[in-house]
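The values are calculated or read from the model by the stated rules, or taken from the named source; none is laboratory data. On a predicted model such as this, the values are computed, not experimentally measured, just so you know. When we count neighbours, we look across all protein chains shown, and the Cβ atoms used for this are built from the backbone with ideal geometry, even at glycine. Protein only, heavy atoms only, side chains kept; ligands, DNA and RNA dropped before computing areas. Shrake-Rupley method; radii C 1.70, N 1.55, O 1.52, S 1.80 Å.
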Amino acid sequence: MHTLAAGPAWMAPERIIDTFGLIGIVVIVFVESGLLIGFFLPGDPLLFATGLAVSSGEYLDHPLWLVCALIVVAAVAGDQTGYAIGRRVGPAVLRRPGARFPRPEHAAKAEAFFARHGRASLILARFVPVARTFVPVIAGASRMDYRTFVVFNVLGGVLWGAGVTLLGAGLGQVAFVRENVGVMLMAVVLLAAVPMAAEYLRLRRAAKRPRPRRP
């Protein structure tokens with residue numbers, strides 16, 4: 001498996017899979033899904049590379065159903081943890097002026113995403129880096145109904161965790177994909193950045209619009 005030439009070498013999905021195996025994948029999915037320290041982790045390319053690794057049988061010798069099940073459990077558990085953090089200390093942590101971590105702009109963008117999409121943000125944010133980490137915390141901080149949160153959390157965990165992994169496994173059967181793993185992983189990184197870039201541009205346009213004057 002080729003090394004993805006984006007970001008530090010230790011964050012390359014192939015390096016993670018080769019070094020830590022399934023346990024490392026599950027831990028990273030859990031951390032990125034709900035712990036504030038995980039917003040920089042490579043969730044989407046890691047899941048795609050995991051599917052590729054399972055389909056080849058060279059780096060992960062586990063049944064695909066087991067890999068998907070453990071990833072989904074980790075993703076759901078991560079969001080549950082993020083929700084609990086938000087309920088307890090969310091506002092105080094997310095809105096600290098001048099804080100270096102977590103950066104206020106990350107939280108602000110995730111809050112705007114949550115406000116715009118409501119409950120569906122728990123599913124949509126799974127496919128948006130950074131928002132994926134902060135949205136469950138914001139849901140907890142805003143006291144979102146817990147049962148509603150659980151339902152959308154599970155749906156999002158299944159669609160993202162199993163969906164992206166299965167996509168990688170399916171495309172791993174295609175000769176072109178197997179022979180150009182590095183290119184495919186780079187494409188996944190770029191595709192994952194599209195929703196984040198679109199949301200950033202939308203927020204910038206909204207900020208530039210003149211505010212109506214009060215009579």
Does Ala139 satisfy the criteria of being of a type in the set (A, V, I, L, M, F, W, C) and touching a helix residue (DSSP H, G or I) at 6+ places or on another chain (Cβ under 9 Å)? yes
Which of the residues spanning segment 12-69 are surrounded by fewer than 17 Cβ atoms within 10 Å (Cβ to Cβ), of a type in the set (S, T, N, Q) and either over 21 Å from Gly163 (Cβ atoms) or modelled with pLDDT of 90 or more (or both)? Thr19
How about segment 134-170: which of its residues are out of contact with any Ser or Thr (no Cβ under 6 Å at 6 or more places or on another chain), of a type in the set (A, V, I, L, M, F, W, C) and at pLDDT below 90? Phe134, Val137, Ile138, Ala139, Ala141, Met144
Taking helices (runs of 4 or more DSSP H) that fall entirely within segment 103-158, which contain at least 1 residues that are open to solvent by less than 30 Å² (accessible area, probe 1.4 Å), in contact (Cβ under 8 Å) with a residue 60 or more places away in the chain and not β-branched (Val, Ile, Thr)? 104-117, 131-141, 146-157
